[in-house]
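Heads up: the structure comes next, in structure tokens.
FYI, it's all coordinate maths here, none of it is from the lab. Just so we're clear, the structure is a prediction, and the values are computed from it rather than from any experiment. For neighbour counting, all protein chains shown are included, and Cβ atoms are generated from backbone atoms with ideal geometry for every residue, glycine included.
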Amino acid sequence: MVGLGRMGGNMAERLRRAGHEVVGYDRDPKVSDVASLSDLVEALGPSPHVVWVMVPAGEPTRATIAAVALLLSAGDLVADGGNSNYRESITRSKELAERGIGFLDVGVSGGIWGLENGYGLMVGGRPESFEQLKPVLLALAPDEGGLAHVGPPGAGHFTKMVHNGVEYGLMQAYAEGYELLAASDLGIDVPGAIDAWRYGTVIRSWLLELLHLALVDDAALGHIKGWAEDSGEGRWTVEEAVRLAVPAPAITAALYARFTSRQDDSPAMKVIAALRQQFGGHTAVQL
């Protein structure tokens, strides 16, 4: 496991609990099992090697996979569990295939809660690569399901991109509902109302559970600034919707709302910031 941050560290631990032997590398020597990528590959023993990369998308992922590839041999496998652009994953799969190295692009959802609850996994790649990694994937996924081989190279990250776009829309709907309840002149018990929504209603969800937890800590969200970043997948989802001529008004509006959050400290954006902190461990800007 390369990258032992909020996600990678917990994933390595979940695999160990399931009986897998995991060697972890991180730039932070305090959490790393080995001193370098070459030490990592050597510690894995004889081929075939499986290296899961769990670092930020973009240049960190590109550089890490390029460095790892130089240390691997035909029959080995690389899995990218970050939020890489699906087009890059298609290219990466072709480049590694030229050296006989398998590649899987794995969309991973579950945030900081995945260690105990398991991770939703959307996997793109060749069937033989999926079968090679399947024991690891099953150990990471929840017992009741959550694992799917969704298609060829690029399909895993495309699916995760759309997943995150849907997440934007759901979070925005909850945030607007919260703001409307709070704005009412009826003196509504907003945390109580949100709590009631969690049971038996058609809008109950894990995100609603997380909103409830955030309100238990701070009913008015008074210590969180209504500022929410967009991590890239929401923009890519909207761009793909335009390219494919697929109407996506809710996701698009949710993305634009995050842009608005950087101009005005709105109650709705406080909810978005609080939810991101709850499920992903993202830092909320404190007032």
Kindly put His49, His212 in sequence by how many other C-beta atoms sit within 10 Å of each C-beta, fewest to most. His212, His49
Taking every DSSP beta bridge with both residues inside the chain, roughly what % is antiparallel (nearest 5)? 35
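Full extension from Ala245 to Thr91: what is 0.36 nm times the residue separation minus their Cα-Cα distance, to one decimal in nm? Intermediate results must be reported in sequence, preceding the final value.
Values: separation 154, 0.36 × 154 = 55.44 nm, distance 2.42 nm.
Here the answer is 53.0 nm.
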Whole number please: convex hull volume per residue, Cα atoms of segment 1-146, in Å³. 99
Take the alpha carbon atoms of segment 96-120, find their center, do the same for segment 161-222, and report the distance between the two centers in whole angstrom. 29
Give the average over all directions of the projected area of the C-alpha convex hull of the chain, one decimal, in nm². 16.3
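In segment 58-101, which trypsin sites (Lys or Arg not before Pro) fall in coil by DSSP and have 11 or fewer other Cβ atoms within 10 Å?
Values: sites: Arg62, Arg87, Arg92, Lys94, Arg99; in loops: Arg99.
Passing both the DSSP loop test and the Cβ count: no residue.
Please identify the trypsin sites (Lys or Arg not before Pro) of segment 170-240 that satisfy two criteria: DSSP loop assignment and at most 16 other Cβ atoms within 10 Å. Which are they?
Details: sites: Arg198, Arg204, Lys225, Arg235; in loops: Arg198, Arg204, Lys225.
In loop regions of segment 170-240 (DSSP not H, G, I, E or B), the sparsely surrounded trypsin sites (Lys or Arg not before Pro) are Arg198, Arg204, Lys225.
Would you list Asp80, Asp218, Asp230 from fewest to most Cβ contacts within 10 Å?
On the way: Asp80 31, Asp218 13, Asp230 18.
The fewest-first ordering by Cβ neighbours comes to Asp218, Asp230, Asp80.
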Only sites in a loop by DSSP and with at most 10 other Cβ atoms within 10 Å count here; which trypsin sites (Lys or Arg not before Pro) in segment 242-275 make the cut? none
Restricting to segment 8-151, compute how many DSSP beta bridges are antiparallel as a %, nearest 5. 35
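Sort Tyr119, Tyr174 so the one with the fewest other Cβ atoms within 10 Å of its own Cβ comes first. Walk me through the numbers on the way to the answer.
Values: Tyr119 25, Tyr174 22.
Ordered from fewest to most neighbouring Cβ atoms within 10 Å, Tyr119, Tyr174 come out as Tyr174, Tyr119.
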